[in-house]
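The values are calculated or read from the model by the stated rules, or taken from the named source; none is laboratory data. The structure displayed is predicted, hence computed values, not measured ones. Note that each Cβ is placed from the backbone with ideal geometry, even for glycine, and that neighbours are counted across all protein chains shown. For the accessible areas, the whole protein counts, side chains as well, though only heavy atoms, and no ligand, DNA or RNA atoms are used. Shrake-Rupley method; radii C 1.70, N 1.55, O 1.52, S 1.80 Å.
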Amino acid sequence: MNESASGKHRLVVLTGPTAVGKGTVEAQLRAAHPEVWVSVSATTRAPRPGELHGVTYWFVDEQEFAAMEKRGEFLETALVHNMAHYGTPLKPVLEHMNAGIPTILEIDLQGARRVKERAAELGLDVVYVFLAPPSFEDLIARLASRGTENEEQRQKRLETAKVELASEGEYDVVITNDTVEHAAEELWNVISREYA
Ligand code: 5GP
């Protein structure tokens, strides 16, 4: 068992630009390795078709999100694409990690930075993973084909993506999402190095 000095496992933080396919890679990873637990974030954005409360996200309104934040319930929060708030509830993360369950956060770049700031204070040992698109053109194509955003939202997301792509160097591991299977296997390699 590869454990940190604090006796807890390392937390895996997965980030990457908008529409790079984090959700798809995660789904593939969980199908192959159901023992992995992916943290369920709270968000103020509206659910997309097929998304479930408590499964995809905890869908909350601005007031509820602010109350959770005030109560100190979040490990990190971020205003993403200047449109909606997202936050990682801290308690379930600590519970899963203490139970020895491989735990992943799928969050944006600002959130990853916030985790970096708080990791020492919380005694968390973290490995930071960046999921990169094969190219910027590929990312534009993915966002267009997803069809879940209008033109204004797409433009905002691409602006965010440019900034996010430039931050690749801040991460411990970079995985290119050339195929979902390959990226999921690479992610599993990172996890199993931590948990094997
Ligand atoms: P989406 O709205 O497409 O589900 O997610 C938009 C962005 O928010 C993605 O980059 C996703 O990684 C990020 N995100 C999801 N949950 C959280 C969270 O709890 N914290 C932060 N900082 N970002 C999150």
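Below is a table of values for the structure above.
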item: Subset of the stretch 158-183 that is closer than 17 Å to residue 31 by Cβ and hydrophobic (A, V, I, L, M, F, W, C) - its residue that is least open to solvent (accessible area, probe 1.4 Å); result: 183
item: Filtered residues of the stretch 184-196 (kept if out of contact with any helix residue (DSSP H, G or I) (no Cβ under 7 Å at 6 or more places or on another chain) and either at pLDDT 85 or above or open to solvent by 70 Å² or more (accessible area, probe 1.4 Å) (or both)); result: 185, 186, 189, 190, 191, 192, 193, 196
item: Residues of the stretch 93-125 satisfying the condition of being within 12 Å of the ligand (Cβ to nearest atom), open to solvent by less than 40 Å² (accessible area, probe 1.4 Å) and of a type outside the set (Asp, Glu); result: 93, 104, 105, 107, 109, 111, 112, 115
item: Among residues of the stretch 80-90, those that are more than 8 Å from the ligand (Cβ to nearest atom) and either open to solvent by less than 30 Å² (accessible area, probe 1.4 Å) or at pLDDT below 95 (or both), counted; result: 4
item: Hits in the stretch 52-65 (condition: modelled with pLDDT of 95 or more and either near the ligand (Cβ under 9 Å from one of its atoms) or more than 30 Å from residue 147 (Cα to Cα) (or both)); result: 57
item: Selection count where residues are over 17 Å from the mean Cα position of the chain (by Cα) and either part of a strand (DSSP E or B) or among the acidic types (Asp, Glu) (or both), scope the stretch 56-111; result: 6
item: Flag if residue 69 is surrounded by fewer than 16 Cβ atoms within 10 Å (Cβ to Cβ) and within 27 Å of residue 150 (Cα to Cα); result: no
item: Qualifying residues in the stretch 9-66 (those that are farther than 29 Å from residue 120 by Cα and polar (S, T, N, Q)) - the one surrounded by the fewest Cβ atoms within 10 Å (Cβ to Cβ); result: 63
item: Search result, residues across the stretch 1-34 that are at pLDDT below 90 and either more than 14 Å from the chain's Cα centre (by Cα) or of a type in the set (Asp, Glu) (or both); result: 1, 2, 3, 4, 5, 6, 7, 8, 9, 10
